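To keep things clear, I will list the structure first and then write my remarks on it.
Coordinate-derived values only; no laboratory data. This one's a predicted model, so the numbers in the text were calculated from it and none came from an experiment. Every residue, glycine as well, gets a Cβ built from its backbone with ideal geometry; the counts of neighbours run over all protein chains shown.
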Amino acid sequence: SGPHRRAMWFILEWRGIALISFTWVLLAFADAAVTYYVLLTWFAETPGAWVSSLPLSYVGSVIFLVYQVLFLLTLASHVASVFTDPGTITEDPPANFENPRFCQICQGRWKPPRAHHCKTCKRCIFRMDHHCPWVNNCVGFGNQKLFILFLLYVAVLSVVTMLLLGYAAYSWFTAKEEQQTNEWAIIFCSLVALESVFFLFFVGEFGAEQVEAIETNATVVETYQRTHGEPTTFMEQFFIVFGKEIYLWPLPLKTRTPPKLTEPAIPDDPYDGRTHQPMTRGDDDIIGIAGAHTETNLRERRPDGRAKEGDGSAQD
């Protein structure tokens, strides 16, 4: 086997860096606005507060703690998705592995059947689903669980935020005492409401794709190529992605099972014996991968790791 994968990495790509920074700003903005304009306004109780430094009622304190836990889990899941290796290939093919492919861009490294070369990460990624600029990283087998948790926690945080904003609006309209209108509260809470709706629909679409990916054992890239992995049940594949320690599932930690790099990419059409379906370079560009024209299928390589000149390239 090859060297160990790096436990942490980061992609230097300006658009991705801008989007992950924007994501952190949006999360912090929502947390601050909800805390100040909702919790500290409508759940305040200065005398007899549960925590002396936090002037909230008992109910408000519980809501605050739950909200902060959700916020931290969302942020931690996003950070883990950003800085975790999504599945770089460092191993050599097993000695008995038939017709191995090698990536010419990666200096002749082995390219397992379910690996694809990401043009942004500039590496071959095992079970690459797609390159997501919102995490400035590929979503692959190495960080799929972390990405799913990020989507889940964003959705839950968005729903909880809208419920709290709805409660604040109801309290303001039904207050018996005349309330002084706070224009900044209206502006900030309206922006947070729009942000929550946007993210809820945004992550809902991606979440549905991830559920389908687990159900069919096929990544987005493989959907374009009309292939999939070995047939499994939903729960079998879920255990592969999330690991067997159920108590660790909610935590943004890598708990997946070891990758099966030799797993075949099975054509959706059982009458087609090709491992990958023919795709144009335009199709490759759409999904952000380097196509079959960058592969070689011969084992013999030069001492520097590159395929020898004159080697044939792998066919679709």
Report the Stokes-Einstein translational diffusion coefficient (µm² s⁻¹, integer) for the stretch 136-217, Rh taken as the Kirkwood radius over Cα pairs, at 10 °C with viscosity 1.306 mPa s. 106
Over all pairs of different Cα atoms in the stretch 84-172, the reciprocal of the mean inverse distance gives a Kirkwood radius in Å of 15.5
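Suppose the chain between ALA28 and LEU194 were pulled fully straight at 0.36 nm per residue; how much longer would it get relative to their current alpha carbon spacing? Write down the numbers at each step before the final one.
On the way: separation 166, 0.36 × 166 = 59.76 nm, distance 1.50 nm.
Extra length from ALA28 to LEU194 when fully extended: 58.3 nm.
At a threshold of 8 angstrom on Cα-Cα distance, excluding pairs fewer than six apart, so keeping six or more, what relative contact order does the stretch 51-113 reach in percent? Walk me through the intermediate numbers first.
Numbers: 27 pairs, mean separation 12.7, N = 63.
Once normalised by length, the contact order is 20 percent.
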R0 = 22 Å: FRET efficiency of ASP268 with GLU209, Cβ-based, nearest 0.05? 0.85
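Rounded to the nearest 0.05, what FRET efficiency do GLU230 and LEU163 give with R0 = 41 Å and r taken as the Cβ-Cβ distance? Could you check? Show your work: numbers first, answer last.
On the way: r = 42 Å, r/R0 = 1.02.
Rounded to the nearest 0.05, the efficiency is 0.45.
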Entries in LYS145/LYS260; LYS145/LYS244; LYS119/LYS254 that, when Cα-Cα distance is taken, lie over 23 Å: LYS119/LYS254
Using amide H atoms built 1.01 Å from N in the peptide plane, name the residues 5+ places from ARG101, or on other chains, whose amide H lies under 5 Å from its own. LYS111
With r defined as the distance between the Cβ atoms of TYR247 and HIS293 and R0 fixed at 45 Å, what FRET efficiency is calculated, to the nearest 0.05? 0.45
